[in-house]
Amino acid sequence: GAGVSQTPSNKVTEKGKYVELRCDPISGHTALYWYRQSLGQGPEFLIYFQGTGAADDSGLPNDRFFAVRPEGSVSTLKIQRTERGDSAVYLCASSLALAAGTDTQYFGPGTRLTVL
Amino acid sequence: AQRVTQPEKLLSVFKGAPVELKCNYSYSGSPELFWYVQYSRQRLQLLLRHISRESIKGFTADLNKGETSFHLKKPFAQEEDSAMYYCAAFTGAGSYQLTFGKGTKLSVIP
């Protein structure tokens, strides 16, 4: 079946602009995650959804970042007043949210965001 | 703070040589540990998890609680093993977030 998809694959914007990044999880996966990966770093957790609700948003760096998942499937990560430091690859993952060690997160290809 | 450390940014080995990618963690309790791999132009994918005690593509990883390590090993490296490898930990406690190390780039020299 189809894996996790993310659009756009690349986004270039200017400092101060607003951007939206979209994630389509694997059908039937109740859990959805957003991570951010800066150059030379591993992915860093941003937010986790279980169904429609944000179960853990402790990784969001500040209130310019917001994410929604209104129908429990597609999710949108929204960044307001973008800054150059927001430039990174934004990864989305989904899973069945099984018991801890047995759960597998499936990753999308990422959206490369560049803020000029 | 919870942390996963991969001390090597780059590891180069010759084809057929043994491989060991190091991973150390600092957590209270018993985290669930994983290795993820990213091949060139592909997405990040799970390689193996410690709870399964499995061997995938010839790779194994043993959890050493005394040394708080979860090193990834393979006895004979293949060219197709060249990739970025990330160690990750999941601590549960109501959240499914993974904490990743910075990654090690493995380069297998033919």
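The values are calculated or read from the model by the stated rules, or taken from the named source; none is laboratory data. Please read these numbers as outputs of a predicted model, since none were measured by experiment. Positions of Cβ are backbone-derived with ideal geometry, glycine not excepted, and every protein chain shown enters the neighbour counts.
Sort out which residues of the stretch B:1-34 are closer than 21 Å to residue B:107 by Cα, within 12 Å of chain A (Cβ to nearest Cβ) and crowded, with 17+ Cβ neighbours inside 10 Å, and write them in order of number. Hits for the stretch B:1-34 are B:6, B:23, B:34. Restricting attention to the stretch B:62-93, the residues that are assigned to a helix (DSSP H, G or I) and more than 13 Å from the chain's Cα centre (by Cα) add up to 2.
Within this structure, residue A:113 passes the test of being more than 11 Å from the chain's Cα centre (by Cα), more than 14 Å from chain B (Cβ to nearest Cβ) and under 20 Å from residue B:44 (Cα atoms). Taken over the stretch B:64-84, the criterion of being in contact with a Cys (Cβ under 9 Å, 6 or more places away or on another chain) and within 14 Å of another protein chain (Cβ to nearest Cβ) is satisfied by B:70 alone. Restricting attention to the stretch A:38-53, the residues being at the interface with chain B (Cβ under 8 Å from one of its Cβ atoms) and in a loop (DSSP other than H, G, I, E, B) number 4.
Inside the stretch A:1-28, residues that are surrounded by 14 or more Cβ atoms within 10 Å (Cβ to Cβ), over 13 Å from the mean Cα position of the chain (by Cα) and either at the interface with chain B (Cβ under 10 Å from one of its Cβ atoms) or modelled with pLDDT under 95 (or both) make up a count of 1. Within the stretch B:43-61, is there a residue that is among the hydroxyl-bearing types (Ser, Thr, Tyr), part of a loop (DSSP other than H, G, I, E, B) and either at pLDDT below 90 or closer than 24 Å to residue A:31 by Cβ (or both)? Yes, that holds for at least one residue. One residue stands out in the stretch A:90-102 among those that are of a type outside the set (Ser, Thr, Tyr) and buried (at least 20 other Cβ atoms within 10 Å of the Cβ): the one that is nearest to residue B:49 (Cα to Cα), namely A:93.
Of all the criteria given as (1) in contact (Cβ under 8 Å) with a residue 40 or more places away in the chain; (2) in contact with a Leu (Cβ under 9 Å, 6 or more places away or on another chain), the one not satisfied by residue A:49 is (1).
For the stretch A:54-67, a residue qualifies if it is modelled with pLDDT of 90 or more, surrounded by 11 or more Cβ atoms within 10 Å (Cβ to Cβ) and more than 8 Å from chain B (Cβ to nearest Cβ), and the qualifying residues are A:57, A:60, A:61, A:64, A:65, A:66, A:67.
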